[in-house]
1. Return the residues of segment 146-164 that are out of contact with any Ser or Thr (no Cβ under 8 Å at 6 or more places or on another chain) and open to solvent by 90 Å² or more (accessible area, probe 1.4 Å); say none if nothing qualifies.
2. Would you pick out the residues in segment 223-263 that are open to solvent by 70 Å² or more (accessible area, probe 1.4 Å) and polar (S, T, N, Q)?
3. In a loop (DSSP other than H, G, I, E, B) and either in contact with a Leu (Cβ under 6 Å, 6 or more places away or on another chain) or surrounded by fewer than 19 Cβ atoms within 10 Å (Cβ to Cβ) (or both), is that true of residue 51?
4. Quick one: would you say residue 174 is among the hydroxyl-bearing types (Ser, Thr, Tyr), open to solvent by 30 Å² or more (accessible area, probe 1.4 Å) and not in a loop (DSSP other than H, G, I, E, B)?
5. Does residue 138 satisfy the condition of being surrounded by 19 or more Cβ atoms within 10 Å (Cβ to Cβ) and at negative phi?
6. Which of (1) without any contact (Cβ under 8 Å) to a residue 60 or more places away in the chain; (2) over 30 Å from residue 51 (Cβ atoms); (3) outside any strand (DSSP E or B); (4) aliphatic (A, V, I, L, M) does residue 220 not meet, given it meets every other one?
7. Applying the selection to segment 23-37, what residues are part of a loop (DSSP other than H, G, I, E, B) and touching a Gly at 6+ places or on another chain (Cβ under 9 Å)?
Amino acid sequence: MPKQNKALAIAKETAILTAAVAIIAAAVFFFLVPSHASVSSISGLGIILTNFVPLPLSAITMILNVVLLIIGFFTCGREFGAKTVYTSIMLPVFIGIFERVLPDFTSLTGSQELDVLCYILVVSIGLSILFNRNASSGGLDIVAKIMNKYLHIELGRAMSLSGMCVALSAALVYDSKTVVLSVLGTYFNGIVLDHFIFDQNVKRRVCIITAKEAELRQFIVNDLHSGATVYEAIGAYNGEKHNEIITIVDKGEYQKLMAFINRTDPQAFITVYTVSDMHYRPKPQKAAGDCQLSQNAL
C-alpha cells in the first residue's frame, strides 16, 4: 500500500509539473516568439539565436538547457534534482510539438506590446506552479546559481543580471523598440513573479500589548493553532510593566487575529512587520491547557 501511495504521489507530481511546463511552452510559442522579444529566459535567448543558427527554437532551447544542466552538475553539484532535469527537457519538447502542429503561427493579438504583456502573465502562472513545487524550468536559474556560488552575487540579483543580459541581446538582431520591450518585459516579469510566488509566502510579525492578554494567548493557540513569544516591556513614559505578545501569522490568520483584537480590545497597541522568510525547527505540540507559549520562528 505505501508503494502504491508513493507511485500515485509521483504520478500526481509529474502531472502537475507537466501541466506547468506546457503553460510555459504555450506562453513562449504563442506570445514570446511572435513578439521577437527576449524576455529573461533561455527561450528568449533561443529566439535571438534562431537568427544565426539554422535550427528551430525547440532544438536550440533543448541544446542550451542540456549544456546548462551539465555545467550546473559539475559546478554546483546535484542540487538541481530530477524535477529541474525533467522540466528542462520537457520545455523544448512542448515547444517542438507546437511548432509541428502550428508551423505558420504568427500572433494571437497582432500587437508586439500585447504579446509581451500576455507572455508575462501566462508564463508567470507556469513558473509559480513550478517554484511552489520546489522545481524550476532550468535555464537562467542554473546561470544564477553559478553566479551566486562563484561571484557571490545574491540569487535574486543574479537572476536579474542574467535576465537583463538576455534582454539586451535583442540589440544584436532587432530594432530599438524590441530591445526596450525586452528590457521592460524582463523587469515587469520579475515584479509579477514576485507577486505570484514570494507574496504567497510573506507572513506578518504582529506585536501586541493588550489588557486582554489571557484571551489573546488562548485565541492564538486554540483558534489560530499558532505559537507566540511573550516579552516583558516597560513603558518609557510612566515605567509601567506590560507583557508584549509577538506572533507570526500568514495572511488569513492575520485577518482573523485583527478581527479578534478589534472585538475584544480596540485600545490594544499593535505593530506589524513583514516577514519574507523563516527558518526554524518545529517543536512538539504543547497541551491545550498549557498557557506557556513558544514561538517556533527564530
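The values are calculated or read from the model by the stated rules, or taken from the named source; none is laboratory data. Everything numeric in this text was worked out from a predicted model, so none of it was measured. Note: ideal-geometry Cβ built from the backbone for every residue, glycine included; neighbour counts use all protein chains shown. When the accessible area is computed, the model is the full protein with side chains, heavy atoms only, and any ligands, DNA or RNA have been set aside. Shrake-Rupley method; radii C 1.70, N 1.55, O 1.52, S 1.80 Å.
1. Scanning segment 146-164 gives 151, 152, 154, 157.
2. Hits for segment 223-263 are 238, 255, 262.
3. Numbers: in a loop (DSSP other than H, G, I, E, B): yes; either in contact with a Leu (Cβ under 6 Å, 6 or more places away or on another chain) or surrounded by fewer than 19 Cβ atoms within 10 Å (Cβ to Cβ) (or both): yes.
Yes.
4. Values: among the hydroxyl-bearing types (Ser, Thr, Tyr): yes; open to solvent by 30 Å² or more (accessible area, probe 1.4 Å): yes; not in a loop (DSSP other than H, G, I, E, B): no.
No: the conditions fail for residue 174.
5. Working: surrounded by 19 or more Cβ atoms within 10 Å (Cβ to Cβ): yes; at negative phi: no.
So residue 138 does not fit the description; no.
6. Single failed check for residue 220: (1).
7. Step one: filter segment 23-37 for residues part of a loop (DSSP other than H, G, I, E, B), giving 36-37.
Within segment 23-37, 37 is the sole residue that qualifies.
For every residue, the table says whether it meets (1) open to solvent by less than 20 Å² (accessible area, probe 1.4 Å); (2) part of a helix (DSSP H, G or I).
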residue	(1), (2)
3	no, yes
15	no, yes
21	yes, yes
39	yes, no
86	no, yes
103	no, no
